[in-house]
1. Consider Ile229 carefully, then state whether it is on the phi < 0 side of the Ramachandran plot, modelled with pLDDT under 95 and in contact with a Ser or Thr (Cβ under 9 Å, 6 or more places away or on another chain).
2. Could you please let me know if Val49 is out of contact with any Lys or Arg (no Cβ under 8 Å at 6 or more places or on another chain), modelled with pLDDT of 95 or more and surrounded by 14 or more Cβ atoms within 10 Å (Cβ to Cβ)?
3. Pairs under 9 Å by beta carbon, first residue of a type in the set (S, T, N, Q) in the range 64-87, partner at pLDDT below 95 and assigned to a helix (DSSP H, G or I), six or more apart or different chains?
4. Only residues that are among the small types (Gly, Ala, Ser), crowded, with 16+ Cβ neighbours inside 10 Å and under 17 Å from the mean Cα position of the chain (by Cα): list them for the range 103-117, please.
5. Consider Ala35 carefully, then state whether it is outside any loop (DSSP other than H, G, I, E, B) and not β-branched (Val, Ile, Thr).
6. From the residues in the range 152-179 that are on the phi < 0 side of the Ramachandran plot and free of Cβ contacts under 8 Å to residues at least 24 places away in the same chain, which one is surrounded by the most Cβ atoms within 10 Å (Cβ to Cβ)?
7. Would you pick out the residues in the range 268-297 that are part of a loop (DSSP other than H, G, I, E, B), free of Cβ contacts under 8 Å to residues at least 12 places away in the same chain and in contact with a Leu (Cβ under 9 Å, 6 or more places away or on another chain)?
8. If a residue counts only when it is within 20 Å of Thr13 (Cα to Cα), in contact with a helix residue (DSSP H, G or I) (Cβ under 6 Å, 6 or more places away or on another chain) and not assigned by TED's automatic domain parsing to the domain that holds Ile65, which strands (runs of 3 or more DSSP E) contained entirely in the range 165-240 have at least 2 such residues?
Amino acid sequence: MPRYTYYTADVFTSRRFGGNPLAVIPDASGLDAPAMQTLAREFNYSESVFIFPPEDPAHTCRLRIFTPAAELPFAGHPTIGAAFVLASIGAIPLEGSAAQAVFEEGVGPVPISIRAEGGKPVFTQLTTARLPEYGPPAPDSPALAQMLGLWPEDLLSGEYSPQAVSCGVPFLFIPVRSREALTRIQIDLKLWKDLLGHWWAREMFVFAFDPELPGSHLHARMFAPALGIAEDPATGAAAAALPGYLAPRAPQKQGMLRWVVEQGFEMGRPSLLEVETDLLAGQVRAIRVGGASVLVAEGHINL
């Protein structure tokens with residue numbers, strides 16, 4: 001009977017039972033797509049990641065990422081969490097205070113940086129394989145507000161109107177006026193299906209420039225019914241696309257911009273995602289997403 005070792009980690013947090021839980025199978029050799037999808041449903045986390053030998057020997061490994069409902073070409077919290085787990089178990093050697101890796105994903109090679117202290121990883125960061133891509137104009141804000149269970153005046157307008165952006169996975173970014181408005185969101189799934197079920201970006205990243213913690217810049221919630229995720233406590237792929245929304249609206253047009261994003265607070269799983277982008281003449285040239293992680297469990301699963 002095939003037996004696979006797995007680890008679980010909480011990602012984008014420095015304490016257990018916060019952040020976004022992740023299942024990692026560090027050697028998934030022999031598993032096909034139906035088996036991985038079955039295991040992702042069994043773990044029932046927002047994502048599970050399966051690690052294979054790289055196709056290019058110059059790279060570290062190949063990742064396949066599954067939600068309970070579908071495979072993704074890229075996702076931030078599995079990428080960050082996989083790097084943390086592999087470094088924690090010695091599969092990525094840590095020498096000194098830093099290490100580098102390259103993960104093969106559906107979007108292409110994803111560079112990874114790992115910061116270590118005392119021989120243990122404390123912070124992992126990815127650089128996106130793709131720069132922002134923009135979708136068609138968003139649906140009308142009153143319809144979006146109704147879908148979210150909010151009043152039309154809860155949504156920002158003008159320069160901060162909703163917009164769809166992707167760095168591998170499309171998200172509809174919807175700014176609202178306050179953190180209080182975020183607490184009132186109740187998704188109407190029928191309206192979501194009618195409005196976004198077959199649209200370019202079906203996943204919704206709703207945020208306010210009204211953070212809870214000192215040092216943070218945004219407070220956010222993410223909803224992905226099409227992926228089988230009612231709400232996600234930390235969404236690295238959305239954080240990766242976020243500079244595509246924020247950078248063109250920022251007064252600074254050169255150098256590095258940085259944001260700390262709060263997510264998962266309403267779910268009781270507070271997460272902090274650190275996002276950076278490099279600008280040249282107002283154009284996004286690179287995007288990085290990082291955070292802390294902690295190991296939670298280790299076990300074996302029989303197939």
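The values are calculated or read from the model by the stated rules, or taken from the named source; none is laboratory data. Bear in mind the structure is a predicted one, so any value in this text is a computation, not a measurement. Heads up, the Cβs are rebuilt from the backbone with ideal geometry, glycines too, and the neighbour counts pull from every protein chain shown.
1. yes
2. So Val49 does not fit the description; no.
3. Listed by first residue and then by second, the contacts come to Thr67/Leu227.
4. Scanning the range 103-117 gives Gly106, Ser113.
5. So Ala35 fits the description; yes.
6. Per the stated criteria, the residue is Leu155.
7. Matches in the range 268-297: none.
8. Strands (runs of 3 or more DSSP E) meeting the threshold: 218-224.
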